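> Here it is: the structure, laid out below.
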Amino acid sequence: MLDREGTWDPQFFCSPFAPLLNGATTQTLHPTKAQIIEGWRGPTNGHTQERRSVEPQPLYRMSNVGELELRLGPEHCIPPVGSDLRCVRPGDILVTKGVPIRAAIASSRVFRHRADANCYVIRGLNQADGFWVALCLNQPAYTEYLTRKSGAAIMPRVRMAVLREAPFPAQPVGVAVLSQKVLDCLDGRIESMAELFRFVASVHNYIATPLPESDDNPAEFHHNGSTWHRFFPPSDIDDSLVPAHVAVNGYQRTS
């Protein structure tokens, strides 16, 4: 085991991960022929305007990768523009590079946006194998193992080669049935989130129609898809700081 791991770090051999390293019934991603794809890096010139022009669609970032489940925002519930190798597909596993390591399953309801450069995409596993790998990667012991094996000190990051050779225990009985139940649950949750985002957007549009913004109203309106807020000038503040009262003052002043 010492020769195989190539390290003297006692954390490998005196930790909760030690029984797995000693076990004979383990398998890595390498013989499964699964692909590990690095997320989209974008342009390297550093110009924000050029970055936006090259990035026409939302990205799945580290913050969007939860434990088994993708944490979607309103921008992820729109059809993608174009498609390439880094766009997620049903059955893909998104894995964060940074700690804590998290792995999420891209179900059939997920729109095929790109994963960004802080994530890996594991592609090519069948449903049961993908679910089992994602379930294992979400365990704290794998975060410890992968980051220590990657050798990162200041900013722990998982290297692709380490992820490809990480050992996974043999699947217990019932994983295939459990994976189908989990995927069905994820599909239902994603569909509900998409409906909620669409409902919030329709309510906002309904409110904005009878209360259009006046050209001479200096109040600034901001909307990011899930929330909206306004900034009013000091002249709209009377004897109350309650946002709704200030808003009424603003409408009265401009009406």
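> Based on what the data block shows, is residue 72 within 13 Å of residue 113 (Cβ to Cβ), under 20 Å from the mean Cα position of the chain (by Cα) and at pLDDT 70 or above?
yes
> Another question, then. With the condition kept exactly as written, say whether any residue in the range 93-101 is under 20 Å from residue 191 (Cβ atoms), buried (at least 16 other Cβ atoms within 10 Å of the Cβ) and either in contact with a Cys (Cβ under 7 Å, 6 or more places away or on another chain) or at pLDDT 95 or above (or both).
yes
> To continue, here is another question. Has the range 105-112 got any residue that is in contact with a Lys or Arg (Cβ under 6 Å, 6 or more places away or on another chain) and within 28 Å of residue 74 (Cα to Cα)?
no
> Considering only the range 199-237, state which residues are in a loop (DSSP other than H, G, I, E, B), exposed (fewer than 11 other Cβ atoms within 10 Å of the Cβ) and either among the charged types (D, E, K, R) or modelled with pLDDT of 70 or more (or both).
215, 216
> Would the range 178-193 turn up any residue that is in the same structural domain as residue 63 (by TED's automatic domain parsing), in contact with a Phe, Trp or Tyr (Cβ under 8 Å, 6 or more places away or on another chain) and either crowded, with 17+ Cβ neighbours inside 10 Å or over 27 Å from residue 57 (Cβ atoms) (or both)?
So far as the range 178-193 goes, no, none of its residues is in the same structural domain as residue 63 (by TED's automatic domain parsing), in contact with a Phe, Trp or Tyr (Cβ under 8 Å, 6 or more places away or on another chain) and either crowded, with 17+ Cβ neighbours inside 10 Å or over 27 Å from residue 57 (Cβ atoms) (or both).
The values are calculated or read from the model by the stated rules, or taken from the named source; none is laboratory data. What you see is a predicted model, and the numbers here were worked out from it, not measured in a lab. Don't worry about glycine lacking a Cβ; one is built from the backbone with ideal geometry, like all the others, and counts go over all protein chains shown.
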